[in-house]
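Engineer: Structure provided below as structure tokens; questions to follow.
The values are calculated or read from the model by the stated rules, or taken from the named source; none is laboratory data. This one's a predicted model, so the numbers in the text were calculated from it and none came from an experiment. Cβ sites come from the backbone with ideal geometry, for glycine too, and all protein chains shown count toward neighbours. All accessible areas refer to the heavy atoms of the entire protein, side chains included, with ligands and DNA or RNA removed. Shrake-Rupley method; radii C 1.70, N 1.55, O 1.52, S 1.80 Å.
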Amino acid sequence: MELTPREIVQELDRYIIGQEEAKRAVAIALRNRYRRAKLPPELREEVMPKNILMIGPTGVGKTEIARRLARLASAPFVKVEATKFTEVGYVGRDVESAVRELVDAAIRMVKEEKMRDVAGEAERMAEDRIIDLFVPPPKRAGASNPLSLFWGMAEPKAAEPQPPLDEDKRREERERYRKLLRLGELENHVVELEIEEQRSPFMELLPGSGLEDLGASLNEALGSFLPKKRVKRKLTVAEARNIILQEEAGKLLDMDAITREAISRAEESGIIFIDEIDKVVGTPGGSGPDVSREGVQRDILPIVEGSTVITKVGPVRTDHMLFIAAGAFHVSKPSDLIPELQGRFPIRVNLESLRPSDFARILTEPQNSLTKQYTALLATENIQLQFTEDGISAIAQWAAEVNSRTENIGARRLHTIMEKILEDVSFTADGNPRQVVIDEPYVRSKLQPIAEDDDLSRYIL
């Protein structure tokens with residue numbers, strides 16, 4: 001990761017409008033990881049990440065900033081809701097599950113990267129296996145599994161003798177089928193493929209009990225001792241290719257090396273986003289649920305400070321993970337968090353509420369803007385959408401007005417309004433070419449009857 005903070009902000013600007021203060025904070029935090037990696041080992045261990053607390057209403061980009069940052073850095077990322085956690089001793093999820101989810105995300109990320117590295121070899125091996133389905137290799141007697149009868153798997157019947165195929169003839173047949181396969185002429189042929197049957201778990205622990213990871217580990221450990229049961233399925237060549245490709249790529253991967261790299265990546269560059277942190281703030285001297293809320297904060301504290309969490313792939317340290325917490329803090333304020341937790345989030349940034357000008361920019365400027373999405377979607381039905389400048393301004397004004405009169409949900413209001421504006425167009429789309437211009441009169445005709453009725457707008461917009 002060699003992007004400078006300015007370049008990081010420029011990349012975030014492609015997807016997120018405004019919120020310059022928050023972008024600068026996360027850009028500096030990301031760049032500090034690059035700087036730390038260049039330090040001598042003895043000093044590198046002492047440099048801790050500066051965790052960030054984002055304060056702002058819903059729908060202004062808190063989650064999106066963290067998610068885009070993780071993608072930019074190719075870092076493992078997980079988002080958790082603080083309200084899902086409960087204090088140790090209560091029924092519910094424990095805070096350490098966030099670290100386990102991060103490790104799982106890191107393993108998936110590294111595995112996907114390694115799968116791409118071996119894709120060429122896996123495709124070659126998969127091609128040979130598909131050809132084997134059309135031109136089987138000579139039968140060879142295999143050793144039987146002594147546990148097969150015990151686990152209810154019948155011994156395979158002896159294959160009926162077939163007339164031997166000349167080796168030259170077999171080679172010609174295989175090359176003929178290889179050419180047909182590469183030309184795509186066998187994609188819809190049905191073949192019989194032997195695949196591994198997915199076993200049901202030996203034990204299922206109650207969701208929310210905090211022991212799901214223990215159950216998964218036990219099922220994985222016990223399953224590795226049992227023989228793999230294989231069943232035959234009739235699939236098209238296109239369907240069989242995906243299954244075979246996954247199996248062959250899996251054979252080429254070193255899972256131990258993948259696990260080691262994933263743990264290292266989670267420890268050194270993992271990002272945990274804790275949303276709704278303000279919902280676990282208790283009132284001073286409170287009782288009942290407030291006691292549990294403060295208990296959740298105290299359980300989060302050692303994870304953020306730096307501790308070792310036991311996962312199904314081994315111990316994982318959280319000392320150098322970056323934690324980004326976010327909350328609206330409408331009822332409470334950051335100083336209501338327990339002092340120890342406040343000190344672990346030294347960087348605080350306020351995200352501003354969105355103005356009509358921000359809504360207009362959100363509709364047009366980002367690489368994945370809503371207007372571009374709807375234009376592409378309806379283009380598949382031969383409908384050419386054209387958003388005029390006054391139409392964009394009208395949508396932005398209506399979004400800001402509805403947010404001010406009802407609940408302020410930020411940029412998410414645009415999704416609701418766009419769906420209502422384009423409802424008739426989407427419903428009547430039948431593939432016949434036509435052009436639809438979304439201008440100010442069109443927007444007003446769709447929204448004014450609803451927006452003028454407060455009761456109606458609360459339910460529809």
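Engineer: So, by mean Cβ neighbours within 10 angstrom, what's the order for 424-434, 241-251, 263-273 with the highest one leading?
Structural biologist: My ranking of the peptides, most packed first, is 263-273, 241-251, 424-434.
Engineer: Quick check on packing: order 371-381, 51-61, 72-82 by the mean number of other C-beta atoms within 10 Å, highest mean leading.
Structural biologist: Working: 371-381: 14.5, 51-61: 22.5, 72-82: 19.7.
Highest-to-lowest ranking by the protection proxy: 51-61, 72-82, 371-381.
Engineer: What accessible area, in Å² to the nearest ten, does a 1.4 Å probe give for GLU423?
Structural biologist: The accessible area of GLU423 comes to roughly 90 Å².
Engineer: Using a simple spin-label model with points 7 Å from Cα along the Cα→Cβ vector, what separation in nm is obtained for GLU185 and LYS372?
Structural biologist: Result: 4.2 nm between the two label points.
Engineer: Follow-up question, since we're still on this one. Taking all pairs of different Cα atoms in the stretch 369-410, averaging 1/r and flipping that mean, what Kirkwood radius in angstroms comes out?
Structural biologist: 11.8
Engineer: Return P(r) of the stretch 308-347 (all Cα-Cα pairs; 5 Å bins starting at 0; whole %; ordered from short to long distances).
Structural biologist: It works out to 5, 16, 21, 19, 14, 11, 9, 4, 0, in whole percents.
Engineer: What does the convex hull of the alpha-carbon atoms of the stretch 1-71 project to on average, in nm²?
Structural biologist: Details: hull surface 19.8 nm².
Taking a quarter of the hull surface, the average projection is 4.9 nm².
Engineer: By a straight-distance test (C-alpha under 29 Å), which lysines pair with LYS179 as possible cross-link partners, with residues fewer than eight away in the same chain excluded?
Structural biologist: Within the straight-line limit of under 29 Å, LYS179 reaches these lysines: LYS114, LYS139, LYS169, LYS232, LYS234, LYS251.
Engineer: Which of the three applies to the stretch 259-396, rounded, prolate or oblate, going by the alpha-carbon gyration tensor with a ≥ b ≥ c and a/c under 1.5 meaning rounded?
Structural biologist: oblate
Engineer: Express the carbon and sulfur contribution to the solvent-accessible surface of the stretch 256-369 as a percent, rounded to the nearest whole number, probe 1.4 angstrom.
Structural biologist: 50
Engineer: Now for a separate question. Please go through the residue pairs LYS23/LYS84; LYS79/LYS372; LYS62/LYS312; LYS38/LYS111 and name each one whose alpha carbons sit more than 29 Å apart in this structure.
Structural biologist: Details: LYS23/LYS84 27 Å; LYS79/LYS372 27 Å; LYS62/LYS312 31 Å; LYS38/LYS111 26 Å.
In this structure, LYS62/LYS312 lie more than 29 Å apart at Cα.
Engineer: Between the stretch 291-350 and the stretch 46-63, how far is it from one alpha carbon centroid to the other, in angstrom?
Structural biologist: 11
Engineer: Could you name the aspartates and glutamates in cross-link range of LYS50, using Cα to Cα under 14 Å and dropping any fewer than eight places away on the same chain?
Structural biologist: GLU268, GLU305, ASP319
Engineer: Turning to a different aspect of this structure: Could you sort the peptides 316-323, 414-421, 443-450 by per-residue average Cβ neighbour count (10 Å cutoff), highest mean leading?
Structural biologist: 316-323, 414-421, 443-450
Engineer: Here's another thing I want to ask about it. What accessible area per residue comes out for the stretch 290-392, rounded to a whole number of Å², with a 1.4 Å probe?
Structural biologist: 48
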